[in-house]
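Before any comments, here is the structure.
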Amino acid sequence: MAAHQEKTTSEERKHKSTQNDTQTSQVQWGRAWEVDWFSLASILFLLMFAPLIVYYFVMSCDQYQCSLIDPLIDLLTGNKHLSDIWNKTPTLTYRAAAIYALWVTFQLFLYVFVPDFCHKFLPGYVGGVQEGAVTPAGVVNKYEINGLQAWIITHVLWFANAYYFHCFSPTIIFDNWIPLLWCANILGYAVSTFAMIKGYFFPTNAKDCKFTGNFFYDYMMGIEFNPRIGKWFDFKLFFNGRPGIVAWTLINLSYAAKQQELYGQVTNSMILVNVLQGIYVLDFFWNEAWYLKTIDICHDHFGWYLGWGDCVWLPYLYTLQGLYLVYHPVELRTANAIGILMLGLIGYYIFRMTNHQKDLFRRTNGNCKIWGKKPGYIECSYMSVDGTKYYSKLMTSGFWGWAHHFNYTGDLMGSLAYCLTCGFEHILPYFYIVYMTILLTHRCIRDEHRCFSKYGKDWKRYTAAVPYRLIPGIF
C-alpha cells in the first residue's frame, strides 16, 4: 500500500491495557486478542485432526489405491482394525531422516548465505533486499528475496543428477514418501513449539507479540508477528516459501519419474499437473517481493498454523493429483486436455493480472492506468502501536472493482484444473479444490474483519463501492 506517516498528539494515543501492554484502541489489525468459543473449537479440531487427515490421505493411496471410502468400510465391517492399517504403514527410517535433514539444511543455506543475483540479469524481476509492509508496532522489516534463485539452483542440480550424475533415483521422494512424512511432522512441531517459546522469552519485537492467555490459540495462531534469528532469517518467509514450495515441483517430478518407471510412459495428465502447478510455483517465486504484502506476511502471526502447515499440509496435500496419477494413470483425450489447460491458464491470467494491477497501483501511488484509465480508490488511514498515523489507498478499478479478492477467483479456477486432470473415478484428488474454496472464502472473511478493524469507517466506504468478495453479482 502507498503509505506515509503522520505523528499524532499524545491525546490521540489512547492505550488499551493488555497482557503485553502493546495494544492500542486504534490497532486491532493482525491476529485476534481474544478467543471466542467457535474459534477455540475450530483450533482444537485442527490440532487434533489435521495430522490425521494428512496421514489418512497418504495411507489411502499407499494401502487402498487412493480410495477414501474403502478404509472406513474395512474398519466399520471389522475386516481390519486400526492396528492392522498402522502396522502396514512405513515407519521413520534413517535414510528418510538423512534425506530430509539434507534437504532443509540445503534450503537454509541457499536462503541465508547466498544473496540474490537473479535480479541483476533478469529483466522485470524484483529480488535482493526488499522492505515488507508496516507491522502493527510500526516496524518495517527487510528481507533477502532469493527464492527464485533457490528454486533454479535446486532444479538445475536435480536435473543434472537425473541425467548425468545419478547419485540418487529421481523417484527418491515417492519411494520415501511416508517416512518423509514423519520427518516433516517432527520439523513442523519443533519449529512451532520453538516459535511459541521464543515469543514468551526472547521475542524479536515485543510490541508485535499478541497473547490471549489461551495456550491452544496462541500455539496454533502464533504469538510473534515476525519471529527472526539474526538479521535475515525470518521464520515466516522461510517456511512459507522454503522448503515446502521449492519441493512442490520436485515432488511432482518424482511422481512423473515413478510413472515412467512403472508404466513406461508419462501420461498427458501428469504432464499437465507438472506444467500447471509449475507455473503457479514459478509465479510465486518470481513475485516473492510482492508476497511480502499478502495476508500471510502482513497479518498472520507465526505459529503451528504456518509452521506445521508449511512443513506438512502444503507438500503432502497440495500434491495429491500427482500422487493419485502414480496409482491411477489417466490419459486424457486431446480435447479434454486442451480444455483443462485453457481453464488453468485463464485462471492463472486472472490471478496474475489482478495481483499485477494491485502491485502497479501500490508502486505508483495510484499514478498509473488500469484498463486505460486512471484508477479510482478509497483513501484510508490507520494507526500503529506508537501512535503513528499511516495513509493507504484501496483501489476500486480493474479487477479490484469487480470483487475484493478476484485474484482468489482465478486461483480457484487453476485449482479446479489441477483436479480435472485426474478424471472422475475417485474423489481424493478433488480434495484440493474443496479445501481451497473453504480456505479462500475464509480468508476473504478474515481479511474483511481485519480491514474493518484496521480502517474502520473507511473500510465501509470501500465495501459500499465494491460490494462483492469473490464472484461479481453472487458472492
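The values are calculated or read from the model by the stated rules, or taken from the named source; none is laboratory data. Note that the structure is a prediction, hence the values are computed from the model and not measured. Don't worry about glycine lacking a Cβ; one is built from the backbone with ideal geometry, like all the others, and counts go over all protein chains shown. These accessible areas exclude ligands, DNA and RNA; they are computed on the full protein's heavy atoms, side chains included. Shrake-Rupley method; radii C 1.70, N 1.55, O 1.52, S 1.80 Å.
Do we have residue 313 as in contact (Cβ under 8 Å) with a residue 12 or more places away in the chain, in a helix (DSSP H, G or I) and open to solvent by 20 Å² or more (accessible area, probe 1.4 Å) here? So residue 313 passes the test. Given the criteria assigned by the TED database to the domain that holds residue 62 and either in contact with a strand residue (DSSP E or B) (Cβ under 7 Å, 6 or more places away or on another chain) or basic (Lys, Arg) (or both), does residue 311 qualify? The answer is no for residue 311. Just one of 293, 258, 236, 207 is at negative phi and not in a helix (DSSP H, G or I); which is it? Result: 293 is the single residue among 293, 258, 236, 207 that is at negative phi and not in a helix (DSSP H, G or I). Among the candidates 265, 321, the residue that is at pLDDT 95 or above, open to solvent by 10 Å² or more (accessible area, probe 1.4 Å) and in the same structural domain as residue 116 (by the TED database) is uniquely 265. Among the residues of the stretch 341-370, those that are within 21 Å of residue 471 (Cβ to Cβ) and at pLDDT below 90 comprise 355, 356, 358. Might you let me know whether the stretch 317-338 holds any residue that is under 30 Å from residue 218 (Cα atoms), touching a residue at least 24 places away in the same chain (Cβ under 8 Å) and not aliphatic (A, V, I, L, M)? Within the stretch 317-338, one or more residues are under 30 Å from residue 218 (Cα atoms), touching a residue at least 24 places away in the same chain (Cβ under 8 Å) and not aliphatic (A, V, I, L, M). Exactly one residue out of 288, 331 is surrounded by fewer than 18 Cβ atoms within 10 Å (Cβ to Cβ) and touching a helix residue (DSSP H, G or I) at 6+ places or on another chain (Cβ under 8 Å), and it is 331. Which numbered condition in (1) open to solvent by 20 Å² or more (accessible area, probe 1.4 Å); (2) modelled with pLDDT under 95; (3) under 30 Å from residue 66 (Cα atoms) is the only one that residue 427 fails? The number of the failed condition is (2). Taken over the stretch 91-113, the criterion of being open to solvent by 30 Å² or more (accessible area, probe 1.4 Å) and in contact (Cβ under 8 Å) with a residue 12 or more places away in the chain is satisfied by 91, 92, 93, 95, 97, 99, 100, 101, 103, 106, 108, 112. Anything in the stretch 346-394 that is open to solvent by less than 40 Å² (accessible area, probe 1.4 Å), touching a Pro at 6+ places or on another chain (Cβ under 8 Å) and either among the acidic types (Asp, Glu) or not in a helix (DSSP H, G or I) (or both)? List them, or say none. Within the stretch 346-394, 366, 368, 384, 385 qualify. The single residue among 178, 186, 229, 197 that is open to solvent by less than 50 Å² (accessible area, probe 1.4 Å) and more than 18 Å from the chain's Cα centre (by Cα) turns out to be 178.
Annotation note: of 419, 444, the sole residue that is open to solvent by less than 20 Å² (accessible area, probe 1.4 Å), part of a helix (DSSP H, G or I) and under 30 Å from residue 332 (Cα atoms) is 419.
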